[in-house]
Amino acid sequence: MIRTVPSRRQAIADDLRQQIATGQLKAGERLPSEAQLATRYTVSTPTLRSALALLQGEGLVEKIHGSGNFIRHPRRRLTYAGGTGTSASWTTTSALLRVSVRIMDLRAHGDLTALLNVPPSSPLTEVCSVTHEGESPHSLARVYVPRDLAPADFAGGLLSPADVAAHLAELRPPLAEVQEKVSARLPTLEEAATLRISTALAVLSLVRVATDVTGRVVEAALLVLPGDRADALFTTRFMIDERGPKE
């Protein structure tokens, strides 16, 4: 019988994971410095960092630049609500999550030209929102709309992506089609930095494109949810014939 000996990084991750599970290391607690941990486990700093990366990828440890590594609090889960016949509100968040919204004008470039079906350099408005649980980033959403659908006072009173959706609904013709694409992938370096997650932690990536009755793409929304706190719920509603069975 061949026994597999765990690698040093795996053994360190297992030990720290056990300490977290048993409460020896508590949520919000700062871990000793990487140099101290490397000395404690008699490994090199790169090996120690590799072990911490495993825990960061599992959502157990959060590395805050300039501050150190911290035991993460259990994350409140977000649910993406989509599907035929559902409302225009495309995210469901806990009331305990704080949302910051930033709005800026830009020109269509790269994938945005195809996503919104517009010529390069077409004027767009980006609404970027980041939810926070306490001081920790929780999710990232970007909504792009043609500039003429985003008046100068667009920023006034917007608190969440749902507010953005409600505001846009007042400015455009009725929607004819909404396409939603869901995929699991690794985060980009920018996304990982914004959400303070490991580049090894998979994210749920959702792309929603809305087209109005004239055939114009009036909104493209990009949502990034870390895999340790995300669910996707799709509901299809059917028309019920209340006339009863035919005789």
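The values are calculated or read from the model by the stated rules, or taken from the named source; none is laboratory data. These numbers were taken from a predicted model, which means no experiment stands behind them. Every residue, glycine among them, receives a Cβ derived from its backbone with ideal geometry; neighbour counts consider all protein chains shown.
Just a few scattered comments:
- Looking across the stretch 54-68, just one residue is β-branched (Val, Ile, Thr) and surrounded by fewer than 19 Cβ atoms within 10 Å (Cβ to Cβ), and that is 64.
- Considering the stretch 213-231, the residues that are surrounded by fewer than 16 Cβ atoms within 10 Å (Cβ to Cβ) and out of contact with any Ser or Thr (no Cβ under 6 Å at 6 or more places or on another chain) include one that is farthest from residue 76 (Cα to Cα), namely 214.
- A search for C-beta distances below 7 Å between a residue of the stretch 210-223 that is in contact (Cβ under 8 Å) with a residue 40 or more places away in the chain and any residue that is among the aromatic types (Phe, Trp, Tyr) and outside any strand (DSSP E or B), counting only pairs 6+ apart in sequence or on different chains, returns 221/90.
- The number of residues in the stretch 103-134 that are at negative phi, without any contact (Cβ under 8 Å) to a residue 60 or more places away in the chain and more than 16 Å from the chain's Cα centre (by Cα) comes to 17.
- Considering (1) buried (at least 16 other Cβ atoms within 10 Å of the Cβ); (2) among the small types (Gly, Ala, Ser); (3) closer than 27 Å to residue 74 by Cα; (4) out of contact with any helix residue (DSSP H, G or I) (no Cβ under 7 Å at 6 or more places or on another chain), the lone condition that residue 198 does not fulfil carries the number (4).
- Odd one out for residue 56 among (1) within 22 Å of residue 199 (Cα to Cα); (2) modelled with pLDDT of 90 or more: (2)
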